[in-house]
1. Kindly provide the set of residues from the stretch 82-112 that are assigned to a loop (DSSP other than H, G, I, E, B) and surrounded by fewer than 16 Cβ atoms within 10 Å (Cβ to Cβ), ordered by number.
2. Taking the residues in the stretch 42-61 that are closer than 19 Å to Ala89 by Cα and part of a loop (DSSP other than H, G, I, E, B) as candidates, determine which candidate is nearest to the chain's Cα centre (by Cα).
3. Count, please, the residues in the stretch 90-101 that happen to be closer than 12 Å to Gln78 by Cα, under 12 Å from the mean Cα position of the chain (by Cα) and of a type outside the set (Val, Ile, Thr).
4. Would you please list the contacts, defined by Cβ atoms under 8 Å and residues six or more apart or on different chains, that run from a residue in the stretch 86-107 that is within 14 Å of Glu43 (Cβ to Cβ) to a residue that is part of a loop (DSSP other than H, G, I, E, B) and among the charged types (D, E, K, R)?
5. Looking at Gly102, Gly97, Gly115, can you tell me which residue is out of contact with any Pro (no Cβ under 8 Å at 6 or more places or on another chain) and within 19 Å of Gly85 (Cβ to Cβ)?
6. Would you mention how many residues in the stretch 68-87 are of a type in the set (Asp, Glu) and modelled with pLDDT of 80 or more?
7. Can you run down the residue pairs with Cβ atoms below 8 Å, 6 or more apart or on separate chains, where the first is in the stretch 39-64 and over 13 Å from Thr83 (Cβ atoms) and the partner is among the basic types (Lys, Arg)?
8. Kindly establish whether Lys144 is outside any strand (DSSP E or B), under 28 Å from Ala47 (Cα atoms) and modelled with pLDDT of 85 or more.
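The values are calculated or read from the model by the stated rules, or taken from the named source; none is laboratory data. What you see is a predicted model; the values in this text were computed from it and never measured. Positions of Cβ are backbone-derived with ideal geometry, glycine not excepted, and every protein chain shown enters the neighbour counts.
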Amino acid sequence: MGNCLHSPSPLTAALSYPAHHNLSLQASDQSHKRVKVRIKPPEVLEAGMLKLGRLLVTATSCVMAGMNVRMQAETEGQEAVFTVGVEGAMLAGVLDGHSREGKKVVEFCSEWFQGYFKQHWEEFRADARRAMQQAFERCDAAVKVEVECVLSGR
């Protein structure tokens, strides 16, 4: 997954994430169960600076592997995050995959959106709502061709 953050960043070295958490789950019978979980380190934990015209923006991202706390079963993370900037315009995305090919779908869409934004950023600046709608429609069409993703949210 690519992004336009200037890496490696000293900001990333300063980030930390606690590994031990206590959760309180409420069951359908209204009883409460306390569950202790040990969370794996994030798959992505980064920070960087993004130059937008005369502005310098700090962007951070954290992607965690999924976990079913009732069964204590770890799952593959199927998320992607990106930040891309062009000529003082910025697009940030958080993508959440589902099903068997969810990871492939979000990786494809993350790269696709970054490239699309870089090529069409003036359309986003002129009419962001229309540009986003077109981007989603075009990405949806492209992922159906490029990724075998039956039953992965399409």
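1. Glu87, Gly88, His98, Ser99, Arg100 - these are the residues of the stretch 82-112 that are assigned to a loop (DSSP other than H, G, I, E, B) and surrounded by fewer than 16 Cβ atoms within 10 Å (Cβ to Cβ).
2. Restricting to residues being closer than 19 Å to Ala89 by Cα and part of a loop (DSSP other than H, G, I, E, B), the top hit is Gly53.
3. Result for the stretch 90-101: 3.
4. Lys103/Glu76
5. Every option except Gly115 fails the conditions.
6. 2
7. Listed by first residue and then by second, the contacts come to Met64/Lys40.
8. No, not satisfied.
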